[in-house]
Amino acid sequence: MRIARITFGMAAVRRATPLIGFGLVATLAGACTEYGFKGNADGSGGGDGDTGFDPGTDTDFSDLCDGLVASPHDVALNTECDVDLQTGGFTPVVEYHYGTTSFCGPPGVGQIVDSNGSGAIDSDDMPAIVVYQGGTSGMGNGNVVAVKGDGSGEYWRSSRGIGQDGGFSIADLDGDGWPEVVAAGTNKITALDGRTGRVTWTSPPLTNNMDALGYNYPAVSDMDGDGKPEVTVGNAILNGADGSIRGQGRQGKGAAPYGGTPSSGSYGTLSVPIDLDGDGKEELVTGNAAYKVDGTIKWQNGGLDGLIAVADFDGDGQGEIVKTSGIYVTGMESDGTEVWGPVVYSGNLGAPAIDDLDGDGTPDIVFAAQNSLIAMEWGGTVKWTASISDSSGAAGPVLFDFDQDGYPEVLYADETSVRFFSGIDGSVKLISTEHGSYTILETPVVADVDNDDQAEIILGHCSWNKSFSVYGDASGSWPPGRKTWNQHAYTITNIGDQGEIQPTGSTNFSTFNSFRSGDPNPPPGDYTDLQAEVWDVCETECDDGKVYVGAWVMNAGNIEVPAGVPLSITAGPGGPVLATQLTTTAIPSGKTGEALIFALSPDDLGSAKPYAVADADGSGSGVVYECDEDNNLYDWSSAVCQD
């Protein structure tokens, strides 16, 4: 395999202390002292104590500390990463079935139970597959069940019926390190303790905000960056701590009108919390409106509501929206302006997925249109069409590069079969008839559910004699996957590996630029390798309780790395994290990144040498999929402030 290890998410800093200093300096509680350096979130200074240095451009910091000067330099590319592409096979086999009653899905997947007895959720815990069992369609009275990912049994089953035809979100709602499961009924949202299934809260009635038949799909995000996540569903915004209503919209709720005609009714609520325009605040986005965290309108476009997906299609750093509204497909800018379409199809279109199907660097769109699966470029040009058996077409695809050839496969489950297509040309790679569904808004999901370091496919059966099936590769050649698929509106970076809430504005389109895709692989021939370097340490103010460490991230890969990469300083190798910064500018191939300054307390370092760690925040999580994860650590030559 090309890839040594996968870490995802930017899930470290819980905002226990303020963002301070040069760029985005996140000092963890009790670990570092704030010295009054003040700046704006974009790295520009301001206010009392401002040093006047811009970490993106300045290299002479002598006014801050005598002799502190950075010297940018070229970085040798890690040519060991430039290896011949190694491809695996694609021979899916059923590893196990679960249950005997129908379950539509998609299921939720996450590490929610401390299965290894470590006292915390960690990367070694066996993931759970979360499903509804025993309910009646449209009644919302199925129990929530957490099934062990290896198929060996159940972790827990809720004591009462909660939902049936909708989806889940898995995230740590209260910041205690233990994720909750958020489930959806017909008019209420319920949060359950991920360890036990005990109900922690139930929302007030949300009849006007949700789908009455129960096709509701919640999401979790810290929309306003206050460290307290919100739970969203339809056009309702709830406080994650207790389920109380924070805001309610009055326009769209992420529901598609039957046949594109609002008077005929609509199906589903599938809205998306995301920072479209990079202003640091997330909007709850639907097909025809975006809401602020209090439910007030940021924009509305007067068009049809619909099911959406978001990516940066034109390279402007903002998120464009593709919308399916019954029979129509439309492209919208980040302000809701409809810029192409509608392209007209028959049936009722499903939720779209996005990824770069052909390796040309531009995302593509995939969606179901009745008995056809369509791959489309931004602008509406069709790339390919494949046949499916789906009279409604409302189900959706997901994407993942299973055989590691640099191009994602497209997974779709229709009324009779599970189908696997080449993302390049839509050719059929496999069809399995062990499936049945009347197709609502379900999708397959992809995750390493049994801790074998290989991705599996988990698929609910909406009308069959099994609840769900888990597929693996017969030859054991599939790459590692994340151990979570936390919600229907899934992106790789929206929630951390163990359910951690991400910093506001950490948009997936600035990194992986995909939607409903679990595929982190770059196109063939591209690789990323990040390294750290401490370029100087200033000890002239040790007697005053200050030591300055200058460091940067270096790009030894052959492609540019976008902004937002964490760089941490630790006290010795594997020691406590003293401070973390996020880069604010892209790092070109073969170059050093911006010069970052860390103001530390010598007492926190003690006798340990300062170490810089690239692409690691306070919890060890990173944001970049690297070809070599073992060269991210750099140590200064000696301990500091020891005289």
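The values are calculated or read from the model by the stated rules, or taken from the named source; none is laboratory data. In this text the structure is predicted, and so the values were computed from the model without any measurement. Here the Cβ is made from the backbone with ideal geometry for all residues, glycine too, and neighbour counts use every protein chain on show. Keep in mind that these areas ignore ligands, DNA and RNA; they rest on the heavy atoms of the full protein, side chains included. Shrake-Rupley method; radii C 1.70, N 1.55, O 1.52, S 1.80 Å.
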Legend entry - Given (1) closer than 24 Å to VAL446 by Cα; (2) assigned to a loop (DSSP other than H, G, I, E, B), number of the condition ASN348 does not satisfy: (1)
Legend entry - Members of the stretch 195-224 that are surrounded by 23 or more Cβ atoms within 10 Å (Cβ to Cβ) and touching a residue at least 60 places away in the same chain (Cβ under 8 Å): ASN209, GLY214, TYR215, TYR217, PRO218, ALA219, VAL220, SER221, ASP222, MET223
Legend entry - Lone unmet requirement of (1) open to solvent by 10 Å² or more (accessible area, probe 1.4 Å); (2) in contact with a Lys or Arg (Cβ under 6 Å, 6 or more places away or on another chain) for PHE420: (1)
Inset, instruction - Would you please list the contacts, defined by Cβ atoms under 8 Å and residues six or more apart or on different chains, that run from a residue in the stretch 361-374 that is part of a strand (DSSP E or B) to a residue that is of a type in the set (Val, Ile, Thr) and open to solvent by 10 Å² or more (accessible area, probe 1.4 Å)? - result: ALA368/ILE388; SER372/THR385; SER372/ILE388; LEU373/THR385; LEU373/ILE388; ILE374/VAL382; ILE374/THR385
Legend entry - Residues (on the phi < 0 side of the Ramachandran plot and either modelled with pLDDT of 95 or more or in contact with a helix residue (DSSP H, G or I) (Cβ under 9 Å, 6 or more places away or on another chain) (or both)) located in the stretch 552-566: TRP552, VAL553, MET554, ASN555, ALA556, GLY557, ASN558, PRO562, ALA563
Legend entry - Residue tally, condition over 20 Å from CYS542 (Cα atoms), touching a Ser or Thr at 6+ places or on another chain (Cβ under 8 Å) and either without any contact (Cβ under 8 Å) to a residue 60 or more places away in the chain or hydroxyl-bearing (Ser, Thr, Tyr) (or both), over the stretch 617-643: 2
Inset, instruction - Output the number of residues of the stretch 526-540 satisfying the condition of being open to solvent by 40 Å² or more (accessible area, probe 1.4 Å) and out of contact with any helix residue (DSSP H, G or I) (no Cβ under 9 Å at 6 or more places or on another chain). - result: 3
Inset, instruction - Considering each of ASN558, ASN632 in turn, give the residue that is open to solvent by less than 40 Å² (accessible area, probe 1.4 Å) and of a type in the set (S, T, N, Q). - result: ASN632
Legend entry - Condition broken by GLY227, with the remaining ones in (1) under 26 Å from ILE501 (Cα atoms); (2) surrounded by fewer than 17 Cβ atoms within 10 Å (Cβ to Cβ); (3) modelled with pLDDT under 95; (4) more than 21 Å from the chain's Cα centre (by Cα) satisfied: (4)
Legend entry - Checklist (1) buried (at least 24 other Cβ atoms within 10 Å of the Cβ); (2) small (Gly, Ala, Ser); (3) assigned to a loop (DSSP other than H, G, I, E, B) applied to GLY278, failing item: (1)
Inset, instruction - Check the stretch 312-323 and report whether any residue there is of a type in the set (Phe, Trp, Tyr) and assigned to a strand (DSSP E or B). - result: no
Legend entry - Leading residue by the ranking (least open to solvent (accessible area, probe 1.4 Å)) among those in the stretch 281-303 that are of a type in the set (Gly, Ala, Ser) and over 15 Å from GLY234 (Cβ atoms): GLY303
Inset, instruction - Could you please give the count of residues in the stretch 99-145 that are in a loop (DSSP other than H, G, I, E, B), surrounded by fewer than 22 Cβ atoms within 10 Å (Cβ to Cβ) and of a type in the set (S, T, N, Q)? - result: 9
Inset, instruction - Among residues belonging to the stretch 78-93 that are open to solvent by less than 60 Å² (accessible area, probe 1.4 Å) and more than 15 Å from ALA455 (Cβ to Cβ), point out the one that is modelled with the highest pLDDT. - result: ASN78
Legend entry - Number of the condition not met by LYS148 [criteria: (1) more than 26 Å from THR296 (Cβ to Cβ); (2) surrounded by 19 or more Cβ atoms within 10 Å (Cβ to Cβ)]: (2)
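One line per residue, one yes/no per condition, for (1) at pLDDT 95 or above; (2) open to solvent by less than 30 Å² (accessible area, probe 1.4 Å); (3) farther than 19 Å from LEU238 by Cβ; (4) of a type in the set (Lys, Arg):
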position	(1), (2), (3), (4)
GLU154	yes, no, yes, no
ILE162	no, yes, no, no
ILE170	yes, yes, no, no
LEU173	yes, yes, no, no
VAL182	yes, yes, no, no
ILE189	yes, yes, no, no
ASP193	yes, yes, no, no
Inset, instruction - Count, please, the residues in the stretch 322-343 that happen to be open to solvent by 50 Å² or more (accessible area, probe 1.4 Å), out of contact with any Ser or Thr (no Cβ under 7 Å at 6 or more places or on another chain) and touching a residue at least 24 places away in the same chain (Cβ under 8 Å). - result: 3
Inset, instruction - Kindly list the number of the only condition in (1) within 18 Å of GLN502 (Cα to Cα); (2) in a loop (DSSP other than H, G, I, E, B) that fails for ASN187. - result: (1)
Legend entry - Residue that is surrounded by fewer than 23 Cβ atoms within 10 Å (Cβ to Cβ) and not aromatic (Phe, Trp, Tyr), where the choices are GLY306, GLY319, GLY315: GLY315
Inset, instruction - Collect the residues in the stretch 122-139 that are closer than 23 Å to PRO444 by Cβ and either β-branched (Val, Ile, Thr) or in contact with a strand residue (DSSP E or B) (Cβ under 9 Å, 6 or more places away or on another chain) (or both), keeping them in residue-number order. - result: MET126, PRO127, ALA128, ILE129, VAL130, VAL131, TYR132, GLN133, GLY134, GLY135
Legend entry - Filter result (part of a strand (DSSP E or B) and either open to solvent by 10 Å² or more (accessible area, probe 1.4 Å) or without any contact (Cβ under 8 Å) to a residue 12 or more places away in the chain (or both)) within the stretch 230-256: ASN239, ILE245, ARG246, GLN248
Legend entry - Evaluation of ASP425 against (1) touching a Gly at 6+ places or on another chain (Cβ under 9 Å); (2) surrounded by fewer than 24 Cβ atoms within 10 Å (Cβ to Cβ) (one fails), failing number: (1)
Legend entry - Single match in VAL322, VAL366 (criterion: modelled with pLDDT of 95 or more and under 23 Å from SER264 (Cα atoms)): VAL322
Legend entry - Among the candidates GLY99, GLY108, residue that is more than 30 Å from THR540 (Cβ to Cβ), more than 27 Å from the chain's Cα centre (by Cα) and modelled with pLDDT of 90 or more: GLY99
Legend entry - Pick from the stretch 344-356, criterion among the small types (Gly, Ala, Ser) and crowded, with 21+ Cβ neighbours inside 10 Å, ranking: nearest to the chain's Cα centre (by Cα): ALA353
Inset, instruction - Report, by residue number, each residue of the stretch 428-476 that is open to solvent by 30 Å² or more (accessible area, probe 1.4 Å), of a type in the set (Ser, Thr, Tyr) and in contact (Cβ under 8 Å) with a residue 40 or more places away in the chain. - result: TYR438, SER463, SER475
